[in-house]
Amino acid sequence: MTEPQILYEGKAKILYPTDDPNILLTRFKDDATAFNAQKRGTIVGKGEMNCAISSHLFQMLEAKGVPTHWIDRPATNEMRVRAVKIVPLEVVVRNIAAGSLCRETGLAVGMELPRPLVEFYYKNDELGDPLLTIDRLRLLQLATPEQIEQLRQMALQVNQILTAFFQECGITLVDFKLEFGMDAEGNLILADEISPDTCRLWNQAATDPSQRVMDKDRFRHDLGNVEEAYRQVLERVLAHPV
Ligand code: UDP
């Protein structure tokens, strides 16, 4: 059998067309990249684990009224999704200061934010995914003011649901990145993935700042035990039904 044609290959996933133009197939890879692909590696089993975690979280979000692109999981590392036009924005929600927020503002890592912070980044590797202001969003016509407001509200709703869910898993949801797509009817729906690649997750049972990390920061900062951390997230997530 010949390999089906590839529609798009990203850093962590490959997108294939299907017989139905409204449906795409996503294959999750074990490849890991960080710092805009300057650091590359493999996290063994990541494709299957991230596919399973994302599928579980998308199903839960759907059940709680958030429209997502998720359809089903025909293979352990494959997810069928509704075809959407991806909005070229990375919508980041932060509950606790970490990562670029600390580097760029001087806030202490671990500071609880008074309210969730929603940020919009331009999804553009060549430009290094820069942080956008609302005026720049408008200038670039990446979204209308109404769409920006809708993205913010959806991101905050996802944050509420995920924060409560991870809390039950004994995990603190520090921050995460979402991507949205526009379906054929012009509705914004949640797309891409939600996994330890795209979230900062801290184990509540650990206090040591390097031991508590259960996400891609283990790979980014060479903290070791990357696969074990992802496996632990998977086990805890699957232990909590949607
Ligand atoms: N993130 C992501 N993809 C990106 C950039 C960020 O999934 O291209 C996630 C990241 O894993 C973290 C959150 O978005 O959970 C905020 O990332 P931040 O801006 O702090 O960037 P970093 O410090 O990772 O460079």
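The values are calculated or read from the model by the stated rules, or taken from the named source; none is laboratory data. For clarity, every value in this text was computed on a predicted model and none was experimentally measured. Note that we place each Cβ from the backbone using ideal geometry, even for glycine, and neighbour counts take in every protein chain shown.
Between D175, D183, D192, the distinction of being farther than 25 Å from E112 by Cβ, within 16 Å of the ligand (Cβ to nearest atom), in contact (Cβ under 8 Å) with a residue 60 or more places away in the chain and of a type in the set (D, E) belongs to D192 only. Hey, could you check the range 125-142 for residues that are on the phi > 0 side of the Ramachandran plot and not polar (S, T, N, Q) and say which is nearest to the ligand (Cβ to nearest atom)? Among those that are on the phi > 0 side of the Ramachandran plot and not polar (S, T, N, Q), it is D129. If we scan the range 187-204, do we find a residue that is part of a helix (DSSP H, G or I), in contact with a strand residue (DSSP E or B) (Cβ under 8 Å, 6 or more places away or on another chain) and surrounded by 16 or more Cβ atoms within 10 Å (Cβ to Cβ)? Taking every residue of the range 187-204 in turn, none turns out to be part of a helix (DSSP H, G or I), in contact with a strand residue (DSSP E or B) (Cβ under 8 Å, 6 or more places away or on another chain) and surrounded by 16 or more Cβ atoms within 10 Å (Cβ to Cβ).
Residue-by-condition table, conditions (1) out of contact with any Pro (no Cβ under 9 Å at 6 or more places or on another chain); (2) assigned to a loop (DSSP other than H, G, I, E, B); (3) at pLDDT 95 or above:
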site	(1), (2), (3)
A52	yes, no, yes
L57	yes, no, yes
L61	no, no, yes
V66	yes, yes, yes
I71	yes, no, yes
N95	no, no, yes
C102	yes, no, yes
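Of all the residues in the range 30-50, those that are within 15 Å of the chain's Cα centre (by Cα) and either within 15 Å of the ligand (Cβ to nearest atom) or touching a residue at least 60 places away in the same chain (Cβ under 8 Å) (or both) number 6. Identify, by number, the condition in (1) within 16 Å of A155 (Cβ to Cβ); (2) assigned to a loop (DSSP other than H, G, I, E, B); (3) at pLDDT 95 or above that L117 doesn't meet. In the conditions (1) within 16 Å of A155 (Cβ to Cβ); (2) assigned to a loop (DSSP other than H, G, I, E, B); (3) at pLDDT 95 or above, L117 misses (2) alone. Based on what the data block shows, is L201 under 14 Å from G170 (Cα atoms) and out of contact with any Cys (no Cβ under 7 Å at 6 or more places or on another chain)? Taking the combined requirement at face value, the residue satisfies it. State whether one or more residues within the range 221-238 are in contact (Cβ under 8 Å) with a residue 24 or more places away in the chain, closer than 22 Å to V92 by Cβ and away from the ligand (no atom under 14 Å from the Cβ). Taking every residue of the range 221-238 in turn, at least one turns out to be in contact (Cβ under 8 Å) with a residue 24 or more places away in the chain, closer than 22 Å to V92 by Cβ and away from the ligand (no atom under 14 Å from the Cβ). When the range 54-95 is filtered for residues that are within 13 Å of the chain's Cα centre (by Cα), within 15 Å of the ligand (Cβ to nearest atom) and of a type outside the set (V, I, T), the ones remaining, listed by number, are S54, L57, L89, E90, R94. Just one residue in the set M49, M79, M60 is in contact with a Ser or Thr (Cβ under 6 Å, 6 or more places away or on another chain) and under 22 Å from P196 (Cβ atoms); that residue is M79. Within the range 71-95, residues that are in contact (Cβ under 8 Å) with a residue 24 or more places away in the chain and farther than 19 Å from R136 by Cα sit with their Cβ atoms under 8 Å from residues that are in a strand (DSSP E or B) and of a type in the set (K, R), at 6+ positions apart or across chains, in these pairs: I71/R80; I71/R82; P74/R80; N77/R27; E78/R27; M79/R73; R80/R73.
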